[in-house]
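Below is one structure, written out as structure tokens; comments come after it.
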Amino acid sequence: MRISPESLRLFISVIEQGSISRAAEANHIAASAISKRIKELELLLHTPLIMRNNRGIKPTPAGRSLINLSRGVLNQLDDIYDQMNDFSHGVKGQVRMVANISAISQFLPKQLRSFLNKHPLVQIHLEEKISSEIIRAVAENEADIGIVSTASDEYPNLSIYPYKTDRLVVITPIGHQLNLKKDVMFVDTLDYAYVGLHTGSAINNQMIKTSLAANIPLNMLIQVTSYEALCSMVESGLGIGLMPIDIARPYIKTARIEAVPLLDKWAHRDLKICTRNSSELLDAAYHLLDHLRTT
């Protein structure tokens with residue numbers, strides 16, 4: 001049994017258009033050629049696939065079943081073409097990527113998974129760094145793509161693209177008195193001890209900058225290297241902390257912590273992608289850059 005994919009495509013078109021003549025016009029083919037292909041399918045499958053009435057053409061029960069089967073087969077054939085097309089276009093190789101903890105925790109897992117599903121020949125080496133180190137690594141060709149929360153003017157030759165946005169909240173232990181507030185300014189939280197991220201992180205830098213501007217000391221008892229550790233420390237009552245709401249939400253749902261919206265303008269952050277000139281990127285890095293910007 002040999003069923004032509006083109007015959008299946010034309011059969012679907014006839015059913016969708018409701019007539020052979022309209023399908024022929026849509027596919028730029030003679031109506032007689034479509035009729036011949038459908039007749040061949042019926043002979044091959046030993047069953048009628050279409051029926052005619054005064055409203056046009058409708059599928060028989062066998063025809064309806066064939067439509068569903070055909071769409072699945074044709075989608076699989078398209079997937080084969082897309083993946084094999086990667087070979088012919090050379091979408092393979094390695095991409096060196098550096099990103100901050102917020103991008104790695106919130107956005108990159110799904111994006112990298114979907115990218116690698118499309119381009120299985122690409123290897124991505126991802127490393128977490130703070131924003132200043134990320135920009136330097138990209139500028140000095142230690143990395144191809146970087147994701148930062150704060151862009152610097154120190155390297156004007158870098159290309160900067162919009163990426164994602166996030167919003168910071170104050171996380172607290174369950175029952176903390178800050179949770180009596182609907183929202184809060186950062187300076188109004190400085191009476192409490194903080195659990196912070198590692199030195200140099202964008203969030204820590206902003207906390208220090210704001211406390212210095214207000215001339216109120218920042219009491220950072222503990223610093224950790226991950227949001228999971230930050231939540232655990234806050235849950236244990238060792239202090240309060242700042243983190244993006246999308247990362248905090250699963251911990252809030254399981255009643256490990258609570259969160260209060262932060263009113264400061266800097267609590268709404270625009271993450272950026274930085275690269276050297278895109279014309280300098282190899283195919284794999286160029287395709288990954290495009291994927292990160294469009295998904």
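So here's what we get for this one:
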{"read-out": "Test: residue in region 142-153 that is over 30 Å from G93 (Cα atoms) and assigned by TED's automatic domain parsing to the domain that holds Y286", "value": "yes"}
{"read-out": "Which numbered condition N205 misses (of (1) at pLDDT 95 or above; (2) over 25 Å from the mean Cα position of the chain (by Cα); (3) crowded, with 16+ Cβ neighbours inside 10 Å)", "value": "(1)"}
{"read-out": "Criterion: more than 30 Å from M243 (Cβ to Cβ), free of Cβ contacts under 8 Å to residues at least 40 places away in the same chain and of a type in the set (K, R) - qualifying residue of K58, K36", "value": "K36"}
{"read-out": "Subset tally (residues that are closer than 17 Å to L282 by Cβ and either modelled with pLDDT of 90 or more or buried (at least 20 other Cβ atoms within 10 Å of the Cβ) (or both)) for region 138-154", "value": "5"}
{"read-out": "Subset of region 105-121 that is outside any helix (DSSP H, G or I) and surrounded by 13 or more Cβ atoms within 10 Å (Cβ to Cβ) - its residue that is farthest from the chain's Cα centre (by Cα)", "value": "L121"}
{"read-out": "Unique residue being over 30 Å from D166 (Cβ atoms) and of a type in the set (S, T, Y) when the list is S102, S7", "value": "S7"}
{"read-out": "Selection count, region 1-29, where residues are free of Cβ contacts under 8 Å to residues at least 24 places away in the same chain and either over 25 Å from L77 (Cα atoms) or surrounded by 14 or more Cβ atoms within 10 Å (Cβ to Cβ) (or both)", "value": "8"}
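The values are calculated or read from the model by the stated rules, or taken from the named source; none is laboratory data. These figures come from a predicted structure and were not determined experimentally. Positions of Cβ are generated from backbone atoms using ideal geometry, with glycine treated the same way; all protein chains shown enter the neighbour counts.
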